[in-house]
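A quick write-up on the structure given underneath.
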Amino acid sequence: MSDKEYKKLLKQYHKLSDRHILVVETDMPYPDVLKVVALSDKIRKAGNELVSLMRKNYDQLMRTKKYRKLLKMYGNTEDKDKLKALANQLNDMQKSYNVTWDFCRTSMIPIGKKYSIDAVFALTKAEDIWRGMEKCLYDNGKITHFSKYGELPCIRAKQINRGIPMFVEDGKLRFKLRKMQFGIHVNDRFQSDEVNAVLSYLENPDKMDADAVNTLIEEACCIDTYRPCYATLVPRLIRGKYRVYLHLTIEGKAKPKYDRFGNPRHKYGKGMIGADIGTQTVAYTSDTEVGLKNLSERGNSIQTSERKERLYYRAMDRSRRATNPQNYNPDGTIKKGKKTWKYSNHYKKLKAKHAELCRINAVNRQLAINEDANYLRSLGDTFVTEPKNASKLMKRAKKTTVNSKGKFNKKKRFGKSIKNRCPSGFQTTVEKKFKVTGGAYIEVSNNYRASQYDHTADDYIKKKLSDRLYRLRDGTLVQRDWYSSFLLYCYDYRTQDIDKDKCITDFGRCYDKEKALIAWIKANHIKILNSGIKVA
């Protein structure tokens, strides 16, 4: 094999192989931490300047009737030749209005020099901003946003030998940023295994790459080399002090995790799991058990934390109104136009407490999601659910409607529930978990209608959203979310529809488990949101 062919195959392997991120805290002294925070803030300011420039160009482009007309024609055309011609016209207009990656990249060069930012960090920030512009141009994005004061972007260089180079010293990984050198804290067995795998690769990288290429040719699969791809520094404000974390992107799948006895921490089950994911709860049915629980709940009730967040926010609003009465109308609404705001020391303390509480809640939410996903994976290897619809449920109602009493109905939907419970984030985590561990993740089609089918009547019966407990045609009372999960559990691979025979044969066994589950929920006084199960 020639050197040219080898490099081509190695490049192909890098594209096909898996990647994961190892998160560890750095051992920087606090003065160096503050330098990293200052650099991150400079990147934020430079990014905001570029966002301002790109937004201006994008707005001018979208104002033109010709571009909007071309977009409409492109969306309504199916002929391939016409689509190609329209795409070329759209690209030409984007070039003429400087809404291109090349303009975004070159515009960042003088901005980066102005703020004394390394070229590789400025380029990475430009890539992030252009990704947002692409979402506006080609997807459902509306506008690219500025980064607020206090939001610290990550410091990333997508090359391991530039920006944040890595080297080995005394058998340990060390990193460099400008004149600062630092290491990492390895706290557990998983982090130790990952670091040892990276060190093993760095001892003989050429041999590991050659093995990867040979395996790709002979077996058409990718082995895990644990090549370090690039490093990212992420500053975080935790309990009033800044801490810097290193995110090391590594080639290959993550190492398995073990408990303190040396046993695998996560077990992988086999079998079908049907799950109905709502805005605040998840109901599931598997071969071994059924379940109904609140999403993103870990330890103490998340409702207490949500209430604390609201109380802090209301206290901040009262303080802001007391110190800035000139910015409010007599009816309490904010005046239009430019305003100057003054913030008291009391307000600043409340804001810091609110930010810290939000951070803790976000971490607990993510940990709860991961724990639930791992538990579901232990019950089976095939996960069946309905498509994600959280973004649609967040939107306010467009039509103004009146209720029976003659009052206007509220237009708000499920925004707060989705923010606090993250159903879409949970579904994405489950999808990744099942796919990475060799399982299957299936989203049924929209005409599956698990929430409306009644297997005892063999018919689709429309139900109100408020009917949480539903009586089937034969008189059996079922919890609606659980019954939807049962119908998803009865998924037929061949027809991609409900397996009616399986519904009849398995309903009795699963229904007995559902009754036992509801009795357990009532006995332990567990409040399941929007379930219809009354707890004394």
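FYI, it's all coordinate maths here, none of it is from the lab. Predicted, not measured: the structure shown is a model, and the values here were computed from it. Heads up, the Cβs are rebuilt from the backbone with ideal geometry, glycines too, and the neighbour counts pull from every protein chain shown.
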(request) Under 1.5 on a/c is rounded, so check that first for segment 10-121, then, if it is not, pick prolate when a/b is larger than b/c and oblate when it is not; a ≥ b ≥ c are the square roots of the alpha carbon gyration tensor eigenvalues. (result) oblate
(request) Would you compute, from DSSP H runs of 4+ residues alone, the mean residue ellipticity of the chain at 222 nm, taking -39500 (n - 2.57) per run and dividing by the full residue count, rounded to the nearest 500? (result) -16000 deg cm²/dmol
(request) Would you mind checking Lys339/Lys388; Lys293/Lys435; Lys7/Lys172; Lys253/Lys502; Lys398/Lys500; Lys419/Lys534 for any pair whose Cα atoms are more than 32 angstrom apart? (result) Lys339/Lys388; Lys253/Lys502; Lys398/Lys500
(message) Restricting to Cα pairs below 8 Å that are 6+ residues apart, what does the relative contact order work out to for the chain? Please round to a whole percent.
(response) 14
(request) Provide the gained length on full extension for the span Asp459 to Leu393, in nm with one decimal, where the gain is 0.36 nm per separating residue minus the Cα-Cα distance. (result) 21.1 nm
(request) Work out the FRET efficiency for Arg494 and Gln326 from their Cβ-Cβ distance, taking R0 = 51 Å, and round it to the nearest 0.05. (result) 0.15
(request) Find the centroid of the Cα atoms in segment 478-536 and in segment 294-338, then give the distance between the two in whole Å. (result) 39
(request) State to the nearest 20 debye the size of the charge dipole of the chain about its Cα centre, where the only charges are +1 on K and R beta carbons and -1 on D and E beta carbons. (result) 4300
(message) For segment 123-193 and segment 27-71, what is the centre-to-centre distance using only Cα atoms, to the nearest Å?
(response) 16
(message) Helix check for the chain. Which DSSP H runs span at least 27 Å along their own axis by Cα, with a mean Kyte-Doolittle hydropathy no less than -1.0?
(response) 30-63, 119-138, 345-379, 500-523
(request) Would you order Tyr226, Tyr470, Tyr138 from fewest to most other beta-carbon atoms within 10 Å of each residue's own beta-carbon? (result) Tyr138, Tyr470, Tyr226
(request) Just flag the trypsin sites (Lys or Arg not before Pro) in segment 444-510 sitting in loop per DSSP whose Cβ has no more than 11 other Cβ atoms within 10 Å. (result) Lys462, Lys464, Arg494
(request) Fewest Cβ neighbours within 10 Å first, please rank Trp101, Trp520 accordingly. (result) Trp520, Trp101
(message) Are there any trypsin sites (Lys or Arg not before Pro) in segment 236-283 that are in a DSSP loop and have at most 13 other Cβ atoms within 10 Å? List them by number.
(response) Arg239, Lys257, Arg260, Arg265, Lys267, Lys270
(message) My understanding is that a pair violates if its Cα-Cα distance is over 18 Å; which of Lys56/Lys135; Lys148/Lys308; Lys158/Lys207; Lys241/Lys349 do that in this structure?
(response) Lys148/Lys308; Lys158/Lys207
(request) Set the Förster distance to 56 Å, then compute FRET efficiency between Leu10 and Ser116 from the Cβ-Cβ distance, nearest 0.05. (result) 0.95
(message) Defining a contact as two alpha carbons under 8 Å apart and six or more residues distant in sequence, what relative contact order in percent does segment 35-152 show?
(response) 42
(request) Starting from the Cα-Cα distance between Lys95 and Lys257, subtract it from 0.36 nm times their residue separation and give me the gain in nm to one decimal. (result) 53.4 nm
(request) Quick one: grab the alpha carbon gyration tensor of segment 90-202, order the square roots of its eigenvalues as a ≥ b ≥ c, and give me rounded if a/c is under 1.5, else prolate or oblate depending on whether a/b is larger than b/c. (result) prolate
(request) Arrange Leu488, Leu70 by Cβ neighbour counts within 10 Å, fewest through most, would you? (result) Leu70, Leu488
(request) Can you list which of the chymotrypsin sites (Phe, Trp or Tyr not before Pro) found in segment 417-447 are DSSP loop residues with at most 15 other C-beta atoms within 10 Å? (result) none
(request) Give me the distance between the Cα centres of segment 374-439 and segment 346-364, rounded to whole Å. (result) 26
(message) Apply the a/c threshold of 1.5 to the C-alpha gyration tensor of the chain and tell me whether it is rounded, prolate or oblate.
(response) rounded
(request) Please report, in debye to the nearest 20, how large the charge dipole of segment 35-152 is about its Cα centre when each Lys and Arg carries +1 at its beta carbon and each Asp and Glu carries -1 there. (result) 400
